[in-house]
Amino acid sequence: MFKLLVLTLFIVFFMNYELFCQNNIKKYIDSIEANNLELISARRQLSADIIGSKIGIYPDDPQIGLDYFPVNQARLELRATQSFDFPTSYLFKSWLSDYKGEKAKKLYLLKRREILKDARNIIIEIIYLNKLLVLLDNRKKNVDNLNLIARKRIDAGDINAIDKNKINLEYMQAMLDYQLTEADYKKSLVRLNSLNGNKPLIVTDTDFPDIELPNEEDELLKEYIANDILLNIASIDTLISESQISFSKSLNLPGLLIGYRMDLIADKPQHGLIFGFSIPLWQNKFAVEYSEEQKEANVLAYNSINNESVTNLKTLFSQYQYFSKTFSDAMNISSSTNNINLLNMALNSGEISITDYLIETSKYYQINQSLLKLEFNITQLKSLMKSYEL
């Protein structure tokens with residue numbers, strides 16, 4: 001029964017391993033979204049911008065005044081007036097307010113995505129450095145083991161001082177590579193913690209996140225364009241300019257003035273109404289032409305952003321395909337080559353010399369570091385192409 005339970009748990013874990021890895025990445029991303037100081041400020045600014053987009057959508061404030069006429073029979077009149085633009089202008093103002101509020105939300109989402117995209121890339125970089133540190137640590141241990149073998153062979157007279165010096169140089173190189181990589185790891189961790197509001201995050205993962213891409217470039221392009229926030233903002237700018245044209249045209253129609261007046265000191269108070277119209281002659285001059293030019297500029301900006309997005313994605317996808325094929329071919333060759341264990345066996349049995357062993361192990365670690373760097377580059381490219389999922 002216990003064995004069955006253990007087997008079941010193992011199967012569940014294996015089936016959800018990729019999701020488990022992604023959740024590890026997600027917990028860092030969620031922490032940064034909650035703690036990033038720039039995003040905290042941006043959220044407050046978003047709230048202010050949404051409120052600000054509603055300013056000016058209502059009619060002008062009413063005016064109240066007193067008119068005093070001292071000549072002959074003195075009169076004191078109370079006057080209250082209210083002016084209105086042409087009624088349709090308030091509808092267009094409302095549309096403009098909604099679009100501006102929507103644009104403010106998209107601008108926040110754009111900032112959020114850029115910060116989280118940067119965070120995910122740093123996390124992927126740290127995972128790469130973690131994997132590299134494991135490889136370099138194995139290299140150090142391997143040189144330590146070589147030192148033990150060398151001591152025995154020196155005592156037996158099988159190797160000379162030159163071979164011992166080569167081993168020392170290899171150990172020094174392994175130590176330097178490890179320490180420099182460790183310094184890069186710490187530097188990347190500082191950058192990540194800075195994005196997390198200087199609250200410490202420790203990334204110990206050694207598995208790259210599994211970021212799935214659509215099989216076809218056209219499918220990926222369709223998803224990318226549909227979720228491109230810059231394009232969404234450009235589209236909203238076009239809607240804003242269209243509404244601005246309609247609003248500017250409505251301001252060329254007469255406004256309305258209505259009011260009430262009352263004589264305050266007459267023996268018999270007299271009441272009256274005020275009616276009037278505004279005649280739009282100069283104040284709104286060139287407003288429609290300006291709005292129409294702005295619309296054309298926004299349409300061109302949309303086309304430019306769309307073209308740039310398509311070009312960038314195609315470039316990234318082409319690099320991804322090339323790196324993926326290179327990595328696959330290299331892995332096929334690497335799987336059929338000798339590994340460190342075989343080299344150690346050959347050294348212990350005396351089949352190869354210390355010099356040959358150092359040359360072969362150096363090639364081995366160099367190839368594995370190159371493969372790891374290539375895998376890192378592929379993961380970064382996938383992260384960039386799927387940044388729209390953040």
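Rg and Dmax of region 130-244, based on Cα coordinates, read 26.6, 92 Å. With a Förster radius of 35 Å applied to the C-beta separation of ALA330 and GLU296, the computed FRET efficiency comes to 0.10.
What does the charge count around ASP177 come to, taking other residues whose C-beta lies under 10 Å from its C-beta (Lys +1, Arg +1, Asp -1, Glu -1)? Charge balance near ASP177 sits at +1. Among PHE92, PHE208, PHE286, the residue with the largest mean-square fluctuation in a Gaussian network model of the chain, with springs joining Cα atoms closer than 10 Å, is PHE286. Can you tell me the FRET efficiency between ASP137 and TYR388 if r is taken as the Cβ-Cβ distance and R0 is 35 Å, rounded to the nearest 0.05? According to the calculation, E is roughly 0.40. Eigen-decomposition of the gyration tensor built on the alpha-carbon atoms of region 236-390 gives equivalent ellipsoid semi-axes of 83, 19, 10 angstrom, largest listed first. Ellipsoid fit via the Cα gyration tensor, region 24-122: semi-axes of 54, 15, 7 Å, each the root of five times an eigenvalue, largest first. Cross-link partners for LYS26 among the lysines, with Cα-Cα distance under 17 Å and sequence neighbours closer than 8 places in the same chain left out: LYS117, LYS199, LYS382, LYS386. Charge tally around GLN321: other residues with Cβ under 12 Å, Lys/Arg +1 each, Asp/Glu -1 each, net +1. Could you work out the percent of alpha carbon pairs in region 83-143 separated by over 17 Å, rounded to a whole number? Every Cα pair in region 83-143 considered, those over 17 Å come to 67 percent. In the calculated pair-distance distribution of region 332-386, the portion above 14 angstrom amounts to 63 percent of the Cα-Cα pairs. Where the alpha-carbon atoms of region 189-291 are placed on the principal axes, they occupy 95, 40, 21 Å, in descending order. Fraction of C-alpha pairs exceeding 31 angstrom in the chain: 64 percent, rounded to a whole number. The orientation-averaged projection of the convex hull spanning the C-alpha atoms of region 280-353 amounts to 9.7 square nanometres. Dividing the helix sum by the residues of the chain, where each DSSP H run of 4 or more adds -39500 (n - 2.57), gives a mean residue ellipticity at 222 nm of -25000 deg cm²/dmol. Taking loop as defined by DSSP and a crowding limit of 16 other beta carbons within 10 Å, which GluC sites (Glu not before Pro) in region 291-364 fit? Answer by residue number: GLU351. Shown is the FRET efficiency for LEU180 and LYS105, computed with R0 = 41 Å from the Cβ-Cβ distance and rounded to the nearest 0.05: 0.40. With a simple spin-label model that places each label point 7 Å from the Cα along the Cα-to-Cβ direction, the separation between ALA48 and LEU253 comes to 3.6 nm. Label sites at TYR68 and ASP218, each approximated as a point 7 angstrom past Cα along Cα to Cβ, lie 8.2 nm apart.
Think of each Lys and Arg Cβ as +1 and each Asp and Glu Cβ as -1; about the Cα centre, that makes the dipole of the chain roughly 900 debye. Taking label points 7 Å from Cα along the Cα-to-Cβ direction, ILE367 and THR88 give a separation of 7.6 nm. Compared with the alpha-carbon gap, the fully stretched path from ASP118 to ASN344 is longer by 77.2 nm at 0.36 nm per residue.
None of the figures in this text is laboratory data; all of them are computed from the coordinates on show. Since this is a predicted model, take the numbers as computed values, not measurements. Every residue, glycine among them, receives a Cβ derived from its backbone with ideal geometry; neighbour counts consider all protein chains shown.
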